[in-house]
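Here's the structure, in structure tokens; my notes come after.
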Amino acid sequence: MIRETIVTTLAPSGAVHIAPIGLIEEPEGFVIAPFRPSQTLENLRANPHAVANYTDDVLIFAGCLTGRRDWPTRPAARVPGAVLDAALAHAELAVTHVSEHPERPRFHCKVVHEASHAPFRGFNRAQAAVVEAAILVSRLDLLPREKVEKEIAYLRIAVDKTAGPRERQAWDWLMERISAFRQKP
Ligand SMILES: Cc1cc2nc3c(=O)[nH]c(=O)nc-3n(C[C@H](O)[C@H](O)[C@H](O)COP(=O)(O)O)c2cc1C
């Protein structure tokens, strides 16, 4: 099972790095598998800790994919790391070992601390649609144009029917990014 989360890591300078990452569940914890090149990967090598932030604020997913990475955080409790203010809950992770791979090393992590901050208020189809669209945006270089357009047309139905203001803004940022990509020479 993969959980789509916002992973925060720390650079050697202490700067917080925020990235949407799909955490792979394992019996003993989670695997973080960043594709090279990746700031998250560099940070995990320097400071083998991370925070998995569970949030329904899809503006952060869309923001990170469109160059808006500055979201409020506070220090983590048990690891050198940062917790997103928008997290409904979070898990603090320590890397136990790394399975090396030329394109996608796997950082196996154990959970050293967990905390809940706000209630889960149910599924929203527009939020799921934004997460799917964010994944498409992260793969624009790799995917055929027709596939992206077909999937966006389908996902748009849920956004039109069920979005709130944050989901609408997130969707607009992603659509702007797709338009900008199409206009590149
Ligand atoms: C829902 C979602 C899940 C993602 N999961 C991964 C992942 O598991 N590994 C990865 O390398 N990138 C993943 N991405 C793409 C990264 O968020 C994006 O490339 C990011 O910039 C990572 O690179 P960075 O560590 O340099 O910031 C995901 C994107 C989204 C929207």
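Brief remarks on what is shown
- Between Glu146 and Glu28, the contour length at 0.36 nm per residue exceeds the alpha carbon distance by 38.5 nm.
- With contributions of -39500 (n - 2.57) from each DSSP H run of at least four residues, the per-residue ellipticity at 222 nm computed over the chain stands at -11500 deg cm²/dmol.
- Protein accessible area in the stretch 1-149, 1.4 Å probe - carbon and sulfur %: 53
- Cα gyration tensor category, rounded, prolate or oblate, for the stretch 1-135 with a/c compared to 1.5: rounded
- Accessible area per residue for the chain is 54 Å², calculated with a 1.4 Å probe on protein heavy atoms, without ligands, DNA or RNA.
- Label point at Met1 placed 7 Å out along Cα→Cβ; residues across the stretch 107-135 whose backbone nitrogen lies under 18 Å: 109-112, 114-116, 120-124, 128
- Label-point gap, in nm, between Phe123 and Glu42 - each point 7 angstrom along Cα→Cβ: 3.9
- Which of Ala50, Pro105, Phe35, positive extreme of dipole for the chain (C-beta unit charges): Phe35
- Between the beta carbons of His97 and Asp160, assuming R0 = 45 Å, the FRET efficiency works out to 0.50 to the nearest 0.05.
The values are calculated or read from the model by the stated rules, or taken from the named source; none is laboratory data. Note that this is a predicted model, so its numbers are computed, not measured. When we count neighbours, we look across all protein chains shown, and the Cβ atoms used for this are built from the backbone with ideal geometry, even at glycine. Calculation scope for accessible area: heavy atoms of the full protein, side chains included, ligands and nucleic acids excluded. Shrake-Rupley method; radii C 1.70, N 1.55, O 1.52, S 1.80 Å.
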